[in-house]
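Here's the structure we're looking at; comments come further down.
The values are calculated or read from the model by the stated rules, or taken from the named source; none is laboratory data. Small disclaimer: the values here were computed from a predicted structure and weren't measured. Note: ideal-geometry Cβ built from the backbone for every residue, glycine included; neighbour counts use all protein chains shown. Protein only, heavy atoms only, side chains kept; ligands, DNA and RNA dropped before computing areas. Shrake-Rupley method; radii C 1.70, N 1.55, O 1.52, S 1.80 Å.
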Amino acid sequence: MTTDWDVAVVGAGTAGLTAATVAARSGLRVVAYDRMAPGGQLVNLTVLHDFPQPGLVSGASELMAELVAQAAAAGVTMNFAEVTRVHAGAPPRLSTTDGEVTAGAVLVATGLSAGRLGLRGEEELVGRGVSTCAGCDGPLFRDRSVAVVGDDEWTADEALELAGLASTVTVLVPGEPRWSAARAERLAAADRVEVLTSASVVALRGSGVLSGVIVRTAGGERELAVSGLFSYVGRRGPAGLVDGVPADAAGRLHAGSGAPAAVGPVFVAGDARAGAEQSLAAATADGTRAGEAAVAALRPADGGLNLRIIDPTHGVLPEDEGAAAGAPAGTTDWTQVALFSNSKPNATELLQGMGAKLRAHWDLPELGFASKESASVPADGDTIDWLAQRYRMVLVAAGD
Amino acid sequence: MELEKRGVVAPLVVTSTFLPLVQAQAKARRVDPRVIVVPHPIGGLNEAELAEKIAFAAAALLALADEARGTS
Ligand SMILES: Cc1cc2nc3c(=O)[nH]c(=O)nc-3n(C[C@H](O)[C@H](O)[C@H](O)COP(=O)(O)OP(=O)(O)OC[C@H]3O[C@@H](n4cnc5c(N)ncnc54)[C@H](O)[C@@H]3O)c2cc1C
């Protein structure tokens, strides 16, 4: 069966770019469609919370640049067209604003639409007070009042970002907040932020530009004078995009990232998938799974383990001034080799197995061993010091 | 990655699922680590499956280790 592409990815956000890279790295011909720019939701964000790990922050533009660079290096072709329909079949066929193409497998990673309340006049006020991007539009509301609608972690982060600019931020939570205790504490500590629970917006006020919202709470209805309204509810998945794939109430597709949909070699990854966690870490993991599953679906015959060494070059990149790669200052030599386990199930066994082969290969004495107390804590400084001083080479179990 | 910064040869063994995360971390720390990628998962494998992964991962390790020793 010849197709235009081995893999067509719909949506070049975090999940789609990750999936495309994984598939292209194993030699498949991959196209990634995006109706806007690559990066997806990252385009709207400045600071990323809880990425790459819970509790850490990182920069959105850095992650975006990295995802795009990796995809380009792996040989992914980008196409800035909208996919309007995926016709499941053998092979699947995609209708796009740039014509029709066939692909051996399709990965749907369209994310969710922007938040909407579904109120009269809302669309006309988008860009005139109604927004879904604190990072982009926040500065327009310096020293003015804004309302934020939503209940999740990211709503809380957006409200906190706006609190640095706006005169007041009223967070309207439709039911009860789902954000963490840490977010709740930060919101409570921010003196310009007020959180109202069981609050819904029932109408918008303003002609030409937003001037207020009507808020309904248990206490009745009242008008809140705001010039900005940031909404993170009502975000919808791509229901109907793929023939025969059912969706949940929010339009997110009921299909797996690791297993094909019942209709054929179609995989769904990231926020567009029903039940997805809606975080960058989850989108990355999901994208990887989908990319691997597409490879497996297209290459059932080689079934074996595909093991690669990525970038056997090493050391510290030149921008990092002051630090130099190379031989350590100590007096270690190549007989001094240790294993450092992250304590995840089977990690130690894997390292010991690999270490035993290296011992035999290099005819080494006993190997050193260290482990983290648990997989979820960072390595402690003393252990790193000890390893750095005593060993020339340390094999590290970093993630599974 | 901290070890590699200090001049210790420190290959990271990661499963394919975690590779993007490790790469993002490496980028944030401005290091370009040696990485041995093994197909996910590792946890929950039986002895024979684990032995198979060890054999493949070890082959990569030996090549990488020889290369590191040869160039230092
Ligand atoms: C306000 C906000 C703040 C957030 N902050 C954080 C945070 O700090 N940390 C964190 O971990 N997570 C955060 N998240 C969640 C995180 O951004 C998402 O989970 C993640 O971006 C999902 O990635 P994705 O690839 O599934 O979708 P997206 O990033 O949404 O990418 C989807 C892409 O598909 C394209 N597309 C859609 N339909 C089509 C079509 N038919 N044809 C072609 N292209 C199409 C879109 O243009 C888009 O580029 C936040 C979310 C929001 C809304």
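Can you figure out the FRET efficiency of A:E373 with A:Q53, using R₀ = 22 Å and their beta-carbon distance, to the nearest 0.05?
On the way: r = 16 Å, r/R0 = 0.74.
After rounding to 0.05, the efficiency reads 0.85.
In the full protein context, the stretch B:2-69 carries 36 Å² of accessible surface per residue, based on a 1.4 Å probe and ignoring ligands, DNA and RNA. Taken along its principal axes, the alpha carbon cloud of the stretch B:2-69 reaches lengths of 37, 28, 13 Å, longest axis first.
Residue-wise HN-Hα couplings along the stretch A:108-113, as the Karplus relation 6.51 cos²θ - 1.76 cosθ + 1.60 with θ = phi - 60° gives them from phi, are 9, 9, 8, x, 10, 6 Hz; Gly and Pro carry x. Ordered by solvent-accessible area of protein heavy atoms (1.4 Å probe), largest first, the residues A:D191, A:D243 come out as A:D191, A:D243. Accessible-area rank, largest first, for A:T284, A:T97: A:T97, A:T284, with all protein chains present and a 1.4 angstrom probe.
Sorting A:R192, A:R235 by solvent-accessible area of protein heavy atoms yields A:R192, A:R235, largest first, with a 1.4 Å probe. Helix B:47-70 and the long axis of chain B differ in direction by around 20°, with both axes built from C-alpha atoms.
On a 0 to 90° scale, report how tilted helix A:60-74 is relative to the longest principal axis of chain A, with both axes built from alpha carbons and the result rounded to the nearest 10. Orientation of helix A:60-74: about 50 degrees from the principal axis. A:E66 accessible area, nearest 10 Å², 1.4 Å probe? Rounded to the nearest 10, the figure is 20 Å².
What value, in deg cm²/dmol to 500, does the helix sum -39500 (n - 2.57) over DSSP H runs of n ≥ 4 give at 222 nm once divided by the residues of the protein assembly as shown? Walk me through the numbers before you get to the answer.
Working: 12 runs with 138 residues, N = 472.
Taking each H run of at least 4 residues, the total per residue is -9000 deg cm²/dmol.
Please give the per residue accessible area of chain A, computed with a probe of 1.4 Å over protein heavy atoms only, in Å². Working shown, then result.
Details: 18080 Å² over 400 residues.
Accessible area per residue: 45 Å².
Working note: Cα gyration tensor of the stretch A:160-214, eigenvalues times five, square-rooted, sorted largest first, giving semi-axes of 23, 16, 7 Å.
Suppose every K and R has +1 on its Cβ and every D and E has -1 on its Cβ; what is the size of the dipole of the stretch A:122-231 about the Cα centre, in Debye to the nearest 20?
Details: 10 positive and 17 negative charges, 57 e Å.
So the dipole magnitude of the stretch A:122-231 works out to roughly 280 debye.
Stokes-Einstein diffusion for the stretch A:122-231, with the hydrodynamic radius set to the Kirkwood value over Cα pairs and evaluated at 37 °C in a medium of 0.692 mPa s, equals 241 µm²/s.
Need one number: buried accessible surface between chains A and B, 1.4 Å probe, both sides summed, DNA, RNA and ligands left out, in Å² to 100. Display every interim value, and only then the final one.
Numbers: alone 20830 and 5410 Å², together 20830 Å².
Using a 1.4 Å probe on protein heavy atoms, the buried area is about 5400 Å².
Each Lys and Arg contributes +1 and each Asp and Glu -1, all at the Cβ; summed about the Cα centre of the protein assembly as shown, the dipole is approximately 480 debye. May I ask what percent, to the nearest 5, of DSSP beta bridges between residues of the protein assembly as shown are antiparallel? Just about 35 percent of them are antiparallel.
Counting heavy atoms of the protein chains alone, A:L119 has an accessible area of about 40 Å² for a 1.4 Å probe. Amide H contacts of A:V195 (H built 1.01 Å from N, in plane; Pro and chain starts excluded): A:V171 sit under 5 Å, all sequence-distant by 5 or more or on other chains. Here the protein assembly as shown was treated as a single set of alpha-carbon atoms; its pair distances binned every 20 Å from 0 give 22, 47, 27, 3, 0 percent.
Excluding A:F230 itself, calculate the net charge of residues whose Cβ lies under 14 Å from the Cβ of A:F230, where each Lys or Arg counts +1 and each Asp or Glu counts -1. Intermediate values should be presented prior to the final figure.
On the way: positive: A:R116, A:R128, A:R144, A:R235; negative: A:E122, A:D137, A:D151, A:D152, A:D157, A:E158, A:E161.
With Lys, Arg at +1 and Asp, Glu at -1, the neighbours total -3.
Positive-end ranking of B:A68, A:P345, A:Q278 along the dipole of the protein assembly as shown, with charges on Cβ about the Cα centre, is headed by A:Q278.
Under 9 Å from the Cβ of A:G75, count the other residues' Cβ atoms, weight Lys and Arg +1, Asp and Glu -1, and hand me the total.
On the way: positive: A:R25, A:R29; negative: none.
Overall, the nearby charge balance is +2.
With K and R counted +1 and D and E -1, the other residues having a Cβ less than 15 Å from that of A:V30 yield a net charge of -1.
Using bins of 10 Å that start at zero, the share of Cα-Cα pairs per bin across the stretch A:333-397 amounts to 22, 52, 24, 1, in whole %.
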